[in-house]
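The values are calculated or read from the model by the stated rules, or taken from the named source; none is laboratory data. Model, not experiment: these values are computed from the prediction. Cβ placement follows ideal geometry from the backbone for every residue including glycine, while neighbour counts extend to all protein chains displayed.
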Amino acid sequence: MTRVKVCGITNLDDARLCVDAGADALGFIFVEKTPRFVTPEQVAPIVRWLPPFVTPVGVFWDHPSGHVKAVAEACRLRALQFHGDEPPEELAGYGLPVIKTIKIPPMSTIGGLPEYRIGGFIDAVKYRAVASALLLDTATRWSEGEAREPIAWKRIAMMGGRHDARVSLILSGGLNPDNVAEAISIVHPWAVDVNSGVEARPGKKDADKVRRFMQQVRAAA
């Protein structure tokens with residue numbers, strides 16, 4: 001069964017919606033000056049409400065380790081996701097499962113070849129020893145809040161999907177209710193991560209999109 005993380009949660013109503021729909025994890029973005037930025041004061045009450053088997057994940061981007069630890073403790077986070085340029089040696093010692101985002105070019109740049117780079121795939125290898133999971137996302141910026149193009153699913157299928165015992169793969173980047181089933185059928189990831197693909201607007205989830213997304217994941221698993 002493919003697991004689902006719904007990221008960019010900013011309020012309790014959206015958390016309830018996603019949990020009721022069957023989400024396995026919720027992501028809280030502690031990255032300042034982004035549309036879905038939340039504070040520990042906002043997140044802590046939501047985490048206290050969560051059922052025991054729904055994982056709260058904190059998303060950070062090149063933050064000092066002391067800041068990450070303080071937020072994790074204040075919110076009782078149970079996993080940490082790092083989206084910046086954090087080197088592998090900085091991701092050890094948190095005492096929580098670590099998810100490292102690996103940025104992959106979107107489909108159009110892969111197909112066009114000139115902008116294609118293999119750097120993302122090389123990065124994935126060096127983080128295997130310190131990360132519990134690798135989250136494969138598009139290199140396109142998400143700080144403005146708009147929807148993004150999917151990454152090259154067929155290329156990342158070569159990385160092993162859920163069957164790689166060394167690390168779990170989480171597929172992200174441009175997923176929505178209309179394409180997630182196809183993505184799962186190609187990549188066979190351990191989990192999928194969705195944010196703008198189930199939103200009414202940045203920071204606010206759309207109930208119909210969330211439910212349809214979950215239905216499509218279940219149908220593909």
Fill in: Members of the range 23-62 that are loosely packed, with under 13 Cβ neighbours inside 10 Å and basic (K, R)
K33, R48
Discussion item. For the range 63-77, check the following and say yes or no: at least one residue is crowded, with 18+ Cβ neighbours inside 10 Å, modelled with pLDDT of 95 or more and within 16 Å of the chain's Cα centre (by Cα).
Written reply: yes
Discussion item. Condition check: at pLDDT 95 or above, exposed (fewer than 13 other Cβ atoms within 10 Å of the Cβ) and acidic (D, E). Does D20 satisfy that?
Written reply: yes
Item to complete: Mind counting the residues in the range 183-217 that are under 17 Å from the mean Cα position of the chain (by Cα) and of a type in the set (D, E)?
Response: 2
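Which residues, taken from the range 165-182, are within 21 Å of A131 (Cβ to Cβ) and in contact with a strand residue (DSSP E or B) (Cβ under 9 Å, 6 or more places away or on another chain)?
So in the range 165-182, the residues within 21 Å of A131 (Cβ to Cβ) come out as 165-173, 175.
Passing the criteria: V167, S168, L169, I170, L171, S172, G173, L175.
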Practice prompt. Select the strands (runs of 3 or more DSSP E) contained entirely in the range 1-91, then report the ones holding at least 1 residues which are closer than 18 Å to F213 by Cβ and touching a strand residue (DSSP E or B) at 6+ places or on another chain (Cβ under 9 Å).
Written response: 3-6, 25-29, 55-60
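Check whether at least one residue in the range 80-95 is aromatic (F, W, Y) and closer than 21 Å to K204 by Cα, and report yes or no.
no
Can you confirm whether P56 is within 24 Å of L134 (Cβ to Cβ), in contact with a helix residue (DSSP H, G or I) (Cβ under 6 Å, 6 or more places away or on another chain), without any contact (Cβ under 8 Å) to a residue 40 or more places away in the chain and not small (G, A, S)? Walk me through how you get there before you give the answer.
On the way: within 24 Å of L134 (Cβ to Cβ): yes; in contact with a helix residue (DSSP H, G or I) (Cβ under 6 Å, 6 or more places away or on another chain): yes; without any contact (Cβ under 8 Å) to a residue 40 or more places away in the chain: yes; not small (G, A, S): yes.
Here the answer is yes, as P56 does meet what is asked.
Against the condition on the phi > 0 side of the Ramachandran plot, modelled with pLDDT of 65 or more and surrounded by fewer than 16 Cβ atoms within 10 Å (Cβ to Cβ), how does G95 come out, does it pass? Break it down into steps so the answer makes sense when it comes.
Values: on the phi > 0 side of the Ramachandran plot: yes; modelled with pLDDT of 65 or more: yes; surrounded by fewer than 16 Cβ atoms within 10 Å (Cβ to Cβ): yes.
Criteria met by G95.
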Discussion item. Given the criteria under 17 Å from T138 (Cβ atoms), surrounded by 21 or more Cβ atoms within 10 Å (Cβ to Cβ) and among the charged types (D, E, K, R), does D178 qualify?
Written reply: no
